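The values are calculated or read from the model by the stated rules, or taken from the named source; none is laboratory data. These numbers come from a predicted model, not from an experiment. With ideal geometry, Cβ positions are generated from the backbone for all residues, glycine too; neighbour counts draw on all protein chains shown. Side chains are part of the model used for accessible areas, which takes the heavy atoms of the whole protein and leaves out ligands, DNA and RNA. Shrake-Rupley method; radii C 1.70, N 1.55, O 1.52, S 1.80 Å.
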Amino acid sequence: DMIEQGVRFVLHGYGWVRDLNFPLWDWNHLMGASTFSHGFYFIFSPFWLLFNLLPKIDWVPYAFLYVNILKHALLFISSYIYFSEIRKSKLAVYAGASILTFFGFALGYYNYSHFIDVFLFVPIVLYFIEHYLKSGSFKGFVITIAIMAIINGYFLYFFTIYFFIYAIYRYLMIHEKIEFVQLFKTGGKFFLYYLL
């Protein structure tokens, strides 16, 4: 599948960017989707830029391994930052970051590495949810959600329900009691910031 779809998907985008030819709709886009849904990856993903910097298209398949190693290293770092926010034990932080970096979703999409671009931001969103619940600061949360939406709106949609469930769960853990008025007020603001 990686050879048939993943690599060809990136090669197709490489040609688009080099030729400065972005058709609005291209139903033969090798992933069974339109340019409109996947084209933003070629414009906004920071990891796509690494592929695009290569001087020859023939180098792209060989760069996949190194770009994927970089992505998983950055996923570990972002997971480490998040777990450091909610845990004091270094062992728990390293274990949590390792599990999040090497669990089935991250490795399952290893061959479709453009999906991992978005997943890197999940621990960062969780980190900023913690900041929002503790201090009311929402700027980092809004910016991170916006970056995820730009890179791959489908995967942001995929994680949305998880973010909301996580926010409710953490709110209850932090406040240790249920005040429905305050819960709905905080939840409503959270929802508006998410839409923003």
**Item:** Percentage of interatomic Cα-Cα distances in the chain larger than 23 Å
**Value:** 49 percent
**Asked** Where does the longest stretch of the chain lie that holds no trypsin sites (Lys or Arg not before Pro) found in a DSSP loop with 11 or fewer other Cβ atoms within 10 Å?
**Response** 89-176
**Prompt:** If you wrap a convex hull around the Cα atoms of segment 43-151, how much volume per residue is inside, in Å³?
**Reply:** 96 Å³
**Request:** Please give the solvent-accessible surface of ILE86 in Å², to the nearest 10, using a probe radius of 1.4 Å with every protein chain present.
**Result:** 40 Å²
**Message:** So if I restrict to the alpha-carbon atoms in segment 121-185, what is the Rg, and what is Dmax, the biggest pairwise distance, in Å?
**Reply:** 12.4, 37
**For segment 12-17, 3J(HN,Hα) per residue [Karplus equation, 6.51 cos²θ - 1.76 cosθ + 1.60, θ = phi - 60°, Hz, x = Gly/Pro]** = 4, x, 4, x, 4, 5
**Message:** Using 20 Å as the Cα-Cα cut-off, could you pick out the over-long pairs in LYS134/LYS177; LYS90/LYS134; LYS90/LYS139; LYS88/LYS185?
**Reply:** LYS90/LYS134; LYS90/LYS139; LYS88/LYS185
**Request:** At 1.4 Å probe size, with no ligands or nucleic acids counted, give the accessible surface of TYR80 in Å², nearest ten.
**Result:** 50 Å²
**Message:** If DNA, RNA and ligands are ignored and the probe is 1.4 Å, what is the ranking of ASP117, ASP58 by accessible area, most exposed first?
**Reply:** ASP58, ASP117
